[in-house]
Amino acid sequence: ETEEDIEGIAILSDMIARKYYERPKEERNGKVSIVTSSSFFVPKPFTPFQWSRMDTSEEYLDKQKILRNKINEQLNKKSIKYNWHEADLSELEGALARGDRRISKVIYDAYQAGCLYDSWSEFFSFDKWLHAFENNGIDYRFYTCRERDGNEVFPWDFIDVGVSKRFLYREYKRAKDEKVTLNCKQTCSGCGATVFGGGVCFDKEGNRKEVSYEG
């Protein structure tokens, strides 16, 4: 997203608060609280964005700062509460999400070092995870901050989920071109899920829907 997109979150939050305070005082139920939150974009396997790079924690924190500063500029800043996800934990999530078999040793070493309840911030130690990656000679950002080539073989490619890799890559390119694919109920885009033999891929008579790659 652009800086304008990020600042737009603060502006929209303020617009909502303004709409509330424009109502007659007797119609309001005290003060309004607008909760705004932001989180890392974490690409996952079997999605069109499995080829994407993640932001680094430094990039994400910069974006947090832009949003926080823009919120503080708003007229109704006291009515806006900003929550965010921890950057280090999100980077770890990104590495584990698209890791290969080498990650198993990292997980085991981190567990041996006491990493167990990492979803709870009071137990999470990114330093222990970094040490586990270093012990195994792995740069975790190899899995997170790298745009994948269209021909790259993924560790999970041997798993058949029905939806084809070719379709996902086509959707990835369409997303980058800001093109929307129609809902499956409107047209079949040839994702490959027909192998399951039922569902929305077929009409009421059980016939396979005609594929339209323009959807």
Residue selected from region 129-158 under the condition without any contact (Cβ under 8 Å) to a residue 12 or more places away in the chain and surrounded by 14 or more Cβ atoms within 10 Å (Cβ to Cβ), by the criterion nearest to Asp118 (Cα to Cα): Leu130
Residue, farthest from Lys44 (Cα to Cα), within region 74-103, restricted to residues that are among the aliphatic types (A, V, I, L, M) and out of contact with any strand residue (DSSP E or B) (no Cβ under 9 Å at 6 or more places or on another chain): Leu75
First in region 96-110 and farther than 12 Å from Phe154 by Cβ, second anywhere and buried (at least 20 other Cβ atoms within 10 Å of the Cβ), Cβ under 6 Å, 6 or more apart: Val106/Ala132; Val106/Phe133; Asp109/Ala132; Ala110/Trp129; Ala110/Ala132
Residue check, Ala113 touching a residue at least 12 places away in the same chain (Cβ under 8 Å) and within 18 Å of the chain's Cα centre (by Cα): no
In region 36-53, the residues that are over 19 Å from Gly8 (Cβ atoms) and either among the basic types (Lys, Arg) or out of contact with any Gly (no Cβ under 6 Å at 6 or more places or on another chain) (or both): Pro43, Lys44, Pro45, Phe46, Thr47, Pro48, Phe49, Gln50, Trp51, Ser52, Arg53
Members of region 12-33 found to be of a type outside the set (S, T, N, Q), outside any helix (DSSP H, G or I) and farther than 19 Å from Lys70 by Cβ, listed by number: Glu22, Arg23, Pro24, Arg28, Gly30, Lys31
In region 159-182, the residues that are aliphatic (A, V, I, L, M) and either over 19 Å from the mean Cα position of the chain (by Cα) or surrounded by 13 or more Cβ atoms within 10 Å (Cβ to Cβ) (or both): Ile159, Val161, Val163, Leu168, Ala175, Leu182
Listing of helices (runs of 4 or more DSSP H) fully contained in region 87-154 that carry 1 or more residues being at pLDDT 95 or above and touching an Asp or Glu at 6+ places or on another chain (Cβ under 7 Å): 126-135, 141-144
Given (1) without any contact (Cβ under 8 Å) to a residue 40 or more places away in the chain; (2) in contact with a Gly (Cβ under 6 Å, 6 or more places away or on another chain), index of the condition Glu22 fails: (2)
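The values are calculated or read from the model by the stated rules, or taken from the named source; none is laboratory data. Remember, predicted model here, so these are calculated numbers, not experimental data. Please note: Cβ atoms are built from the backbone with ideal geometry, for glycine as well, and neighbour counts cover all protein chains shown.
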